[in-house]
């Protein structure tokens with residue numbers, strides 16, 4: 001799972017395109033955070049935002065090879081007061097605002113691709129390791145703001161699957177005074193994994209070691225990485241929205257010792273254009 005990935009490109013968008021106040025004519029978003037999409041324009045009922053995004057990202061977990069990928073962007077949402085039910089990509093979920101300072105989120109994310117395949121590495125660095133299938137994930141998240149303006153917040157997230165579990169803790173800062181979900185925010189995150197999740201991405205069993213010539217590697221549960229996540233969202237017209245994200249993830253020493261991790265870090269930059277109906 002690629003989570004945190006260079007800030008330069010998206011930060012430049014913040015300079016070249018000052019977020020507009022077009023969306024301010026609408027009621028407030030569920031929470032005024034650019035990293036939490038709300039296409040309902042503050043109204044109960046349907047909210048739909050559809051578009052395309054371009055990402056420059058690592059070819060697989062721990063890779064030093066990068067690729068450009070085009071993916072759909074946006075979501076279909078139904079809002080009822082302080083609750084939003086959504087379908088975003090392959091995820092079905094619910095999020096709700098409680099007591100103005102608690103945001104709860106629960107989703108089931110179905111596999112989007114085949115996971116990691118040997119030919120994901122053009123340099124042949126995965127040869128002999130076989131393919132790793134993607135699995136359905138249950139994602140549970142809670143964010144707590146220090147006040148109703150959501151200027152600062154704390155975040156906790158659990159990602160559970162048959163392949164293991166991942167836990168993420170974060171702290172964030174929102175920039176801008178918009179209440180329609182535009183502006184930008186920055187968060188720092190610390191990631192922990194159990195041994196099953198760690199070995200799915202970075203472990204090498206005896207058979208894989210024999211087939212690939214790489215050293216057998218078995219990782220324990222514990223600290224996985226620390227990272228930064230920057231998000232930008234703004235309207236360029238009444239209906240068109242630009243979304244940008246930059247992530248950086250620096251791996252722990254245990255992860256870096258795996259032969260699969262060809263770099264100490266991963267980085268990703270993505271930009272999407274979304275039409276809000």
Quiz item: Quick check: anything in the range 37-57 modelled with pLDDT of 95 or more, surrounded by 20 or more Cβ atoms within 10 Å (Cβ to Cβ), under 21 Å from residue 181 (Cα atoms) and under 15 Å from the mean Cα position of the chain (by Cα)?
Solution: yes
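In this structure, is residue 74 in a loop (DSSP other than H, G, I, E, B) and at positive phi?
no
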Quiz prompt | Residue identified as under 24 Å from residue 54 (Cα atoms) and part of a strand (DSSP E or B) among 69, 114 | solution = 69
Practice problem: Among what's in the range 111-134 and is exposed (fewer than 15 other Cβ atoms within 10 Å of the Cβ) and under 30 Å from residue 93 (Cα atoms), pick the residue that is farthest from the chain's Cα centre (by Cα). | Solution: 131
Practice problem: Being part of a loop (DSSP other than H, G, I, E, B) and either under 13 Å from residue 29 (Cα atoms) or out of contact with any strand residue (DSSP E or B) (no Cβ under 8 Å at 6 or more places or on another chain) (or both) is the filter here, so list the residues in the range 77-103 that pass it. | Solution: 81, 82, 99, 100
Quiz prompt | Flag for residue 224 being within 18 Å of residue 63 (Cα to Cα) and crowded, with 21+ Cβ neighbours inside 10 Å | solution = yes
Quiz item: What are the residues in the range 188-204 that are under 16 Å from residue 250 (Cα atoms) and surrounded by fewer than 22 Cβ atoms within 10 Å (Cβ to Cβ), if any?
Solution: 188, 189, 190, 192
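Can you go through 19, 34 and tell me which one is in a loop (DSSP other than H, G, I, E, B), surrounded by 19 or more Cβ atoms within 10 Å (Cβ to Cβ), modelled with pLDDT under 95 and on the phi < 0 side of the Ramachandran plot?
Of 19, 34, the one residue that is in a loop (DSSP other than H, G, I, E, B), surrounded by 19 or more Cβ atoms within 10 Å (Cβ to Cβ), modelled with pLDDT under 95 and on the phi < 0 side of the Ramachandran plot is 19.
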Exercise. Keeping to the range 151-178, report how many residues are surrounded by fewer than 21 Cβ atoms within 10 Å (Cβ to Cβ), modelled with pLDDT of 95 or more and under 14 Å from residue 32 (Cβ atoms).
Key: 4
Quiz item: Can you spot a residue in the range 219-231 that is closer than 30 Å to residue 40 by Cβ and in contact with a helix residue (DSSP H, G or I) (Cβ under 9 Å, 6 or more places away or on another chain)?
Solution: yes
Exercise. Read through the list (1) crowded, with 19+ Cβ neighbours inside 10 Å; (2) outside any loop (DSSP other than H, G, I, E, B), then give the number of the only condition that residue 258 fails.
Key: (2)
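The values are calculated or read from the model by the stated rules, or taken from the named source; none is laboratory data. In this text the structure is predicted, and so the values were computed from the model without any measurement. Cβ atoms come from the backbone with ideal geometry, glycine included; neighbour counts cover every protein chain shown.
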